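Peer 1: Take this structure first; my questions come after.
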Amino acid sequence: MRQCTGATFTPASIDLGMSRVLAAAAPGADGTGPLAGVRVVEVGGIGPAPFCAMLLADMGADVVRIDRVSDDGHQGVQLFARGKRSKVLNIKTAAGLEELLDLLDRADVLVEGFRPGGC
């Protein structure tokens with residue numbers, strides 16, 4: 001047990017404090033918040049787009065992330081996947097593009113970070 005400026009801290013109290021911080025990391029994950037009811041489609045990529053969509057999910061938006069089909073089935077580490085649902089589509093095929101367009105018909109927001117003409 002340590003004392004610091006009049007407060008007493010034990011390892012258990014420090015751990016409980018961190019648990020509360022981690023539990024509060026995604027306040028809108030339960031569908032509450034200022035963006036509750038907003039539907040977002042994020043086409044997976046790198047850079048600011050996944051981070052932006054994660055923040056929208058934190059504020060209560062329903063975010064669906066579209067991931068690319070990989071040859072080995074491995075998606076890697078998803079750092080900005082908090083609060084999002086994921087769907088794997090090959091949007092370079094007619095069927096995959098049609099499914100993406102169906103999702104976009106029901107969405108309020110599209111978040112993507114591709115360069116013009118790329119995907």
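Just so you know, all these numbers are worked out from the coordinates, no wet-lab data involved. All values reported here derive from a predicted model rather than from experimental measurement. Don't worry about glycine lacking a Cβ; one is built from the backbone with ideal geometry, like all the others, and counts go over all protein chains shown.
Peer 1: Using the number of other C-beta atoms within 10 angstrom as an exposure proxy, rank SER70, SER86 with the fewest first. Intermediate values should be presented prior to the final figure.
Peer 2: Values: SER70 10, SER86 14.
Least crowded to most crowded, the residues run SER70, SER86.
Peer 1: I would also like to ask the following. First select every other residue whose beta carbon is under 13 angstrom from the beta carbon of GLY47; then total the charges, Lys and Arg +1, Asp and Glu -1. Write out the running numbers ahead of the final one.
Peer 2: Numbers: positive: ARG115; negative: GLU42, GLU112.
For residues surrounding GLY47, the net value is -1.
Peer 1: Enumerate the amide H contacts of VAL111 below 5 Å, restricted to partners 5 or more residues apart or on another chain; note that Pro and chain-start residues carry no placed amide H.
Peer 2: VAL41, GLU42, VAL43
Peer 1: In whole Hz, with x marking every Gly and Pro, tabulate ³J(HN,Hα) for region 51-62 from phi via Karplus 6.51 cos²θ - 1.76 cosθ + 1.60, θ = phi - 60°.
Peer 2: 5, 4, 5, 5, 5, 5, 5, 4, 8, x, 5, 8
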